[in-house]
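The values are calculated or read from the model by the stated rules, or taken from the named source; none is laboratory data. Treat the numbers as computed from the prediction; the structure is a model and nothing was measured. Cβ coordinates were reconstructed from backbone atoms using ideal geometry, including for glycine residues, and neighbour counts include every protein chain displayed.
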Amino acid sequence: MNTLVKVARYHLVDRMTFVALPWGILAFSFLVNVVVSLSVPTGPHGIYTGGLATIYVFLLISGAMMMTRSLPFGLMLGVSRRSYYGGTGLLVVVLSVVYGLGLTLLQAVERATNGWGVSLHFFRIPWIMDGPWYQTWLTSFVLLALFFLYGIWSGLVFRRWNVTGLVAFIAAQMLVALLAVVAVSSAHQWHAVGHFFTTVTALALTGALAVLAAAMGLGGLSTIRRVTV
Amino acid sequence: MIPTISATALSRRYRDQIALDDVSLTVEPGTVTGLLGRNGAGKTTLMRIITGQEFPSSGDIRVLGQAPAENDDVLRRMVFVREEQAYPDLRVEHAIRVASWFYPNWSEDLAQQLLSDFTLPLKRRIKRLSRGMRSAVGIVIGLAARAELTLFDEPYAGLDAVARQLFYDRLLAEFAEHPRTIVLSTHLIDEVADLLEHVVLLDRGRVVLDAPADDVRGTGMTVSGPATAVQEFVAGRTVWHQQRLGSRASVTIADPLDFAAQARARALHLSLEPLSLQQLLVHAAGASADEKVSA
């Protein structure tokens, strides 16, 4: 068995972690929203919820845990950091594909039943995840992987530089966003930004998110190289 | 033959301290080496560098002939059981199963035997185990892996005397049946003294002793009896320690005694008692401390 596959299986050895837990949480969030839509008067456009976010947040946290809690035992078993990261990356891809397919199927059911019979928009998100099934699958895959990889990178930053490092890491991201805002403002280009977001296709945005996800993956790789346990 | 471990001028500096200071040593294949020293002497840092978990600030480390850091070919041939090893939130059976995937020579029979010897509850989550039980999980993995290089760093924190004896017995039996290179770091020196073929003593990051265990055992003797006779006998010898109680004295000397000297001691009605490995190492560490102070 290839070392990368072994590492991926290591993360999956407890079925609770990536099978029962995330889908259980999502099912709970879904049921809460169904009951809510049954209990409140529904407008002409139905009900929109942010309940889907639970699965993304779950993956973010799981990614961080894989680098803080699971890494030391992985290294105890004679795996190099590179292999550990590669095997974890393999799992990220596989899980994002499978989860994305699950979300796509559930979205199809939601559409076919006109919002589970209560006009609920749980798996449909306007514009970004409202297109054909393959586009929903692709976008879900990219978004799931993005959250996973962001969690992994954050976990590694914490592992290597502790809380101070993590705070600096998040502050740096805020600074980048702030610089972008200042740059756009000083160049008086807000109308161009508005124009971009009103004309960009969901597919193009998915592509941009994929680039961001790849950057997260590379960031994590460069961070794990000198992590010690 | 390629040494299993070969360190040359290895140093590891942290911001405000030196964990390893110019450490050079070799460990030959198929030996049991005791890596000994006080808390903070650098034992764990050295073992972490050997297993690629930590990087040296300077110097060179070779394991099985190659640099271990990020080298899967070398890393998969060793297992490192640490004191207070951090485990993810898994059940005992999960951790054992995962470990079995990574070691080509893994013995499932041995693993099952050890699990029942240590009465480990397979279904229990590792974080719910007592300290001793958690140590036992590491011991099971370390022995069942049958890795070419097996490193134990204080592997039995919290284990009772019976369980520790079980560990020593199993370690010895395994070593006899499936020879491998073992490095064992511990504070309980007298308990493992008979297991060790070679001892390396670290003190504040430096190697202060690196010798076959038998050579170390030969040195050091406590001479006691009437004070005047003792003084006469030890004159001209290297004295490590002396104490007087009334008319009797007890003096610890460093050099080995030949047959004639032993006969003379008997004639003077002196009793001779060899120092245990632990006492010897305490003296060796103390000697290195004195050096530091006077330097």
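Worth pointing out:
- Criterion (small (Gly, Ala, Ser), over 17 Å from the mean Cα position of the chain (by Cα) and crowded, with 22+ Cβ neighbours inside 10 Å) met by exactly one of B:Gly52, B:Gly42, B:Gly37: B:Gly52
- Count of segment A:21-59 residues, restricted to those that are in contact with a Phe, Trp or Tyr (Cβ under 7 Å, 6 or more places away or on another chain) and assigned to a loop (DSSP other than H, G, I, E, B), is 3.
- Test: residue in segment B:89-104 that is surrounded by fewer than 16 Cβ atoms within 10 Å (Cβ to Cβ), within 11 Å of chain A (Cβ to nearest Cβ) and either assigned to a loop (DSSP other than H, G, I, E, B) or under 24 Å from the mean Cα position of the chain (by Cα) (or both): yes
- Applying the criterion of being more than 11 Å from every other protein chain (Cβ to nearest Cβ) and under 21 Å from the mean Cα position of the chain (by Cα) to the residues of segment B:64-87, the residue that is farthest from B:Thr26 (Cα to Cα) is B:Glu83.
- Among (1) more than 12 Å from chain A (Cβ to nearest Cβ); (2) free of Cβ contacts under 8 Å to residues at least 60 places away in the same chain, the one test that B:Leu110 misses: (2)
Residue-wise test of (1) in contact with a Pro (Cβ under 6 Å, 6 or more places away or on another chain); (2) on the phi > 0 side of the Ramachandran plot; (3) of a type in the set (D, E, K, R).
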{"residue": "A:Lys6", "(1), (2), (3)": "no, no, yes"}
{"residue": "A:Val19", "(1), (2), (3)": "no, no, no"}
{"residue": "A:Val32", "(1), (2), (3)": "no, no, no"}
{"residue": "A:Gly46", "(1), (2), (3)": "no, yes, no"}
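- Check on A:Val5, surrounded by fewer than 18 Cβ atoms within 10 Å (Cβ to Cβ), at pLDDT 95 or above and more than 10 Å from every other protein chain (Cβ to nearest Cβ): no
- Matching entry among B:Thr150, B:Thr181 (being in contact with a Lys or Arg (Cβ under 6 Å, 6 or more places away or on another chain), under 30 Å from B:Tyr14 (Cα atoms) and either of a type in the set (D, E, K, R) or in contact (Cβ under 8 Å) with a residue 24 or more places away in the chain (or both)): B:Thr150
- Among the conditions (1) closer than 24 Å to A:Trp137 by Cα; (2) surrounded by fewer than 21 Cβ atoms within 10 Å (Cβ to Cβ), the only one that A:Leu38 does not satisfy is (1).
- Set A:Leu120, A:Leu143, A:Leu203: member being in contact (Cβ under 8 Å) with a residue 40 or more places away in the chain, loosely packed, with under 14 Cβ neighbours inside 10 Å and closer than 30 Å to A:Gly43 by Cβ: A:Leu203
- Among the residues listed as A:Ser62, A:Ser29, A:Ser70, the single one being closer than 29 Å to A:Thr139 by Cβ and away from chain B (no Cβ under 14 Å): A:Ser29
- For segment B:34-54, filtered to residues that are within 9 Å of B:Gly205 (Cα to Cα) and small (Gly, Ala, Ser), the residue that is farthest from the other protein chains (Cβ to nearest Cβ) is B:Ala41.
- Criterion (more than 14 Å from every other protein chain (Cβ to nearest Cβ) and touching a Pro at 6+ places or on another chain (Cβ under 8 Å)) met by exactly one of A:Tyr56, A:Tyr99: A:Tyr99
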